[in-house]
Amino acid sequence: MSPDSHRLRDHPRLRLRERRSYLARTLREAVRVPRLLLVVKTALAVGLAWAIAPHMPGVTDEYPYYAPLGALVSMYPTLMGSMRSSLQTLFGLAAGIGLAALVVLTVGPTWWSIPLVVGLGVLVSGTGWFGVGKEYVPMAALFVLIIGGQNADDYSVGYLAQMAVGVVIGLLVNLLIAPAPLAAAAEARVEAFRTQLGEHLHDIGFAVSESWPPETAQWADDAAALAETTADLRAALAEADESVRYNPRARRRHVRTTHIHEELSTLDRIAHLIRDIADSTADTIWDRPAAIPLDPALPEPLSAACHAVADVIAEPEPGSSEAHRRRGEAARAIRLLLERVDDRTIDARSSMGPGVLTAMHLRRILILSGAGADREE
């Protein structure tokens, strides 16, 4: 990384601005409509569980406080997540209670049997069988032996039954007030990523046409972060897929995510190419070990080609006439760059340099962007 990059990153004002941006972004995430809906449903489920728990038959009514806990652990932003976490939690509880039962039926709770069974619960929970319920394996075993004591059997029944009551209430609330599909939010983030990629390529175009070294190195750092952005988008899209499964609201609206997957796959390939261009350009600008000199005749056509292709990437409607016009302009800019590269290769008797790699990658990016237009048509 360049010295300029380190100075920019370590600047107090920049760090403060980044922190404020992160705080604002996290606050926006906390008050999104899907999140607020989850807040309301969780509060409703916990309230219903607490109201119903004291009326359960047998010894279970002595442990009403576990019903709201069951409702709480069952509430997830998606129906599939709710069902999976609920079953995993009950499975973990049953396993922990089973381990405690072995102690109760044999040596009984002692100074050495309690830590032994808790350690065994931690060991079993590491198998990956229990998912989010893994923490409840040693916890349930400990609670049964310490809190249940002489009434471990009644406590075990009440604990598991009331948790199950809360889980059922939570699932019913989540089913009756189905969460909104997250496909639209994921699609909006993918489109924002498209704009971001165009801006990155514009930044590279400005960098190669500025006096060297450029005054700012932020474009190089931003390009390096594209892989993290892609990973975040894949996680958001996976959550969107899950939000559609078994969701009656998604079925009524015929929500599909296939086209978002295709779009993200294309943008991911474009991001890899842009990172390659950025790395090669940064090597040359800051004379890194992998640097290959850039022919003085290439910055102008190289910059023009970067800007033209960046406009194609950022085009929101790939099938529009404006998008077709921009692809034509980008193709001409790449052709001019390639002609200049060929001419300079003959004159300088060398084909090595960032201009060759950038021309090849820009041409590939243009082809990938055109594939998106073909799908739309």
Out of segment 233-280, which residues are assigned to a loop (DSSP other than H, G, I, E, B) and at pLDDT 85 or above? none
Among the residues of segment 103-120, what is the count of those that are farther than 16 Å from ILE147 by Cα and of a type in the set (Gly, Ala, Ser)? 1
Which condition number does PRO213 fail, the rest of (1) open to solvent by 20 Å² or more (accessible area, probe 1.4 Å); (2) at pLDDT below 70; (3) in a helix (DSSP H, G or I) being met? (3)
Hits in segment 165-187 (condition: open to solvent by less than 60 Å² (accessible area, probe 1.4 Å), within 17 Å of LEU264 (Cβ to Cβ) and assigned to a helix (DSSP H, G or I)): ALA183, ALA185, ALA186
Look through ALA71, ALA95 and report the one residue that is closer than 30 Å to ALA238 by Cα and either touching a Ser or Thr at 6+ places or on another chain (Cβ under 7 Å) or open to solvent by 20 Å² or more (accessible area, probe 1.4 Å) (or both). ALA95
Does segment 133-164 hold any residues that are hydroxyl-bearing (Ser, Thr, Tyr) and open to solvent by less than 10 Å² (accessible area, probe 1.4 Å), and which are they? TYR155, TYR159
Scanning segment 334-360 for residues that are assigned to a helix (DSSP H, G or I) and open to solvent by less than 30 Å² (accessible area, probe 1.4 Å), which turns out modelled with the highest pLDDT? ILE334
Looking at segment 100-119, which of its residues are under 19 Å from TYR155 (Cα atoms), in contact with a helix residue (DSSP H, G or I) (Cβ under 9 Å, 6 or more places away or on another chain), open to solvent by 80 Å² or more (accessible area, probe 1.4 Å) and part of a helix (DSSP H, G or I)? LEU102
Those residues of segment 99-110 which are of a type outside the set (Val, Ile, Thr) and modelled with pLDDT under 90, in sequence order: LEU105, GLY108, PRO109
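The values are calculated or read from the model by the stated rules, or taken from the named source; none is laboratory data. The shown structure was predicted, so the numbers you read here are calculated from the model rather than taken from an experiment. Counting neighbours? That spans all protein chains shown, and the Cβs are built from the backbone with ideal geometry, glycine included. These area figures cover heavy atoms from the full protein model, side chains too; ligands, DNA and RNA do not enter into them. Shrake-Rupley method; radii C 1.70, N 1.55, O 1.52, S 1.80 Å.
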